[in-house]
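Peer 1: Take a look at the following structure, please.
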Amino acid sequence: MSRIAYVNGAYVPMSDAYVHIEDRGYQFADGVYEGITVASGKLIDLEPHLDRLERSLRELQIAMPMGRRAMTFVFKETVRRNRLANAFLYIQVTRGVAKRDHPFPANSSSTLVVTARRLDLAAVKSRASIGINVSSQPDIRWGRCDVKSISLLPNILAKQAAREAGGFEAVMYDKDGYVTEGSSTNIWMVTKDGTLVTRSTDDNILPGITRATLMQMAKDLQMQVETRAFKVEEAKSAAEMFLTSSTSCTMPIVKFDDTVIGGGTPGPAATRLAEAYWAYIEG
Ligand code: PMP
């Protein structure tokens, strides 16, 4: 069965799914996106994802292509038409098609594209039981990383450099050596006294939905959480590290560059949180 995409009002086979070459997303990366995990048919944290999408669009003065209820229908229908139980749902909204010129066009309508592909949650879970290696990479992004822009060139370069260095993810750091976030994830460490530490979302990083969900879970589990910046060196001497994102869920980190973290196996705090997160999405 061919995959089905939603493109501006129509459900079409992938082979016919196109946008115009003068779409501003294509020409200027003038658009935003969201990525939602679907587990057993359920859209995980749908409302916060819609909130973040609306906020990203508002910040860039791009019109919502349709209301929340209609959009939710399109999301579910895209999953249904692709006959997927566990999926990665990708949503992209751009400022639309207009003659190439930098200022916002006077009248263009937003382009909405929605795709869904199978997500192997069992593989994510199995990777999480072993943990991953990460690689430090300089953060060369702009000053509005709170907006989930489709302009991902620095993130792509960081991820690629990390992969070439043997890391699954890039842990990006600012000019003062403080960890900002992963190329597509939020980064956490656990201090020797068991406190969870992650950078503030006021600090030019993406407010991760998984990060927020996990923050609440940690509080419910009476774990200490501190929101502050930490340096690469501090992370390397931490008891544990892990990352969060919609597709990686809660993923323990066992090696950071050449430094083995927590003896090279997922630590107790990350494992406890990962179990809580799996129960949440599978429950
Ligand atoms: N930071 C960046 C830069 C990302 O691209 C993502 C994933 N979209 C995240 C963090 C994690 O966000 P979420 O938990 O909402 O997937």
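None of the figures in this text is laboratory data; all of them are computed from the coordinates on show. Fair warning: this is a prediction, and the values are worked out from it, not measured in the lab. Positions of Cβ are generated from backbone atoms using ideal geometry, with glycine treated the same way; all protein chains shown enter the neighbour counts.
Peer 1: Whole number please: convex hull volume per residue of the Cα set in the range 149-224, in Å³?
Peer 2: Per residue, the Cα convex hull of the range 149-224 comes to 120 Å³.
Peer 1: Along Cα→Cβ, 7 Å out, is where each label goes; now give me the distance between the ones at Ala10 and Ala63 in nm to one decimal.
Peer 2: Here the answer is 2.1 nm between the modelled labels.
Peer 1: What are the ³J(HN,Hα) values, in whole Hz, obtained from phi via the Karplus relation 6.51 cos²θ - 1.76 cosθ + 1.60 with θ = phi - 60°, for each residue of the range 80-91 in sequence order, with x given for Gly and Pro?
Peer 2: Residue by residue, the range 80-91 yields 4, 5, 8, 6, 10, 9, 10, 8, 9, 9, 10, 10 Hz.
Peer 1: Hey, what do the phi angles of the range 57-72 turn into as Karplus ³J(HN,Hα) couplings, whole Hz, using 6.51/-1.76/1.60 and θ = phi - 60°, x for Gly and Pro?
Peer 2: 5, 4, 4, 9, 6, 9, 6, 4, x, 6, x, 4, 5, 5, 5, 4
Peer 1: Using the Cα centre of the chain as the reference point, and only Cβ charges (+1 on K/R, -1 on D/E), how large is the resulting charge dipole? Debye, rounded to the nearest 20.
Peer 2: 840
Peer 1: By how many nm would the segment from Tyr18 to Ser129 grow when fully extended, if each residue of separation counts as 0.36 nm and the alpha-carbon distance is taken off?
Peer 2: Here the segment from Tyr18 to Ser129 would lengthen by 36.0 nm.
Peer 1: Using 0.36 nm per residue of separation minus the Cα-Cα distance, give me the extension gain between Lys175 and Ser40 in nm, one decimal.
Peer 2: Extra length available between Lys175 and Ser40 comes to 44.4 nm.
Peer 1: Any aspartates and glutamates with Cα under 17 Å of the Lys175 Cα? List them, leaving off those in the same chain fewer than 8 positions away.
Peer 2: Asp139, Asp203, Glu233, Glu234
Peer 1: Next question, about the same structure. Quick one: Cα centre-to-centre distance for the range 177-191 and the range 107-156, in angstrom?
Peer 2: Each part's Cα centre sits 14 Å from the other's.
Peer 1: Here's something else I'd like to know. If we sort 173-183, 29-39 on the protection proxy, mean other Cβ atoms within 10 Å, highest first, what's the order?
Peer 2: Ranking the peptides 173-183, 29-39 by packing returns 29-39, 173-183.
Peer 1: Multiply the residue separation of Ser2 and Arg81 by 0.36 nm, subtract the distance between their alpha-carbon atoms, and state the gained length in nm to one decimal. Write out the running numbers ahead of the final one.
Peer 2: Values: separation 79, 0.36 × 79 = 28.44 nm, distance 1.01 nm.
The span from Ser2 to Arg81 would gain 27.4 nm if fully extended.
Peer 1: Under 5 Å between amide hydrogens, which residues at least 5 positions from Val19 or on another chain qualify, with H placed 1.01 Å from N in the peptide plane?
Peer 2: none
Peer 1: Using a 10 Å cut-off on Cβ atoms, rank the peptides 13-23, 265-275 from the highest mean neighbour count down.
Peer 2: Working: 13-23: 13.3, 265-275: 19.4.
The peptides rank, most packed first, as 265-275, 13-23.
Peer 1: Count neighbours as other Cβ atoms within 10 Å of each site's Cβ, and list the trypsin sites (Lys or Arg not before Pro) in the range 30-111 that are DSSP loop with at most 14 such neighbours.
Peer 2: Arg83, Lys99, Arg100
Peer 1: In whole Å, what are the Cα extents of the range 4-119 along the three principal axes, biggest one first?
Peer 2: Here the Cα extents, ordered largest to smallest, are 44, 31, 20 Å.
Peer 1: In Å, what is the Rg of the alpha-carbon atoms in the chain, and how long is Dmax?
Peer 2: Computed over the Cα atoms of the chain, radius of gyration and Dmax are 19.2, 58 Å.
Peer 1: Size of the dipole of the range 95-172 about the Cα centre, Lys and Arg at +1 and Asp and Glu at -1 on the beta carbon, nothing else charged, in debye to 20?
Peer 2: 260
Peer 1: If the limit is 22 Å between Cα atoms, which of Lys231/Lys255; Lys192/Lys219; Lys148/Lys219; Lys76/Lys125 go over it?
Peer 2: Lys148/Lys219; Lys76/Lys125, as the Cα separations exceed 22 Å there.
Peer 1: Give the shape of the range 124-282 as rounded, prolate or oblate, defined through the alpha-carbon gyration tensor: a ≥ b ≥ c are the square roots of its eigenvalues, a/c under 1.5 means rounded, and otherwise the shape is prolate if a/b is larger than b/c and oblate if not.
Peer 2: Because its axes are fairly even, with a/c under 1.5, the range 124-282 counts as rounded.
Peer 1: Which ³J(HN,Hα) values, rounded to whole Hz and listed in residue order, are derived for the range 135-150 from phi using the Karplus coefficients 6.51, -1.76 and 1.60 in 6.51 cos²θ - 1.76 cosθ + 1.60 with θ = phi - 60°, glycine and proline given as x?
Peer 2: 10, 6, 9, x, 8, 10, 7, 7, x, 10, 6, 6, 8, 7, 6, 6
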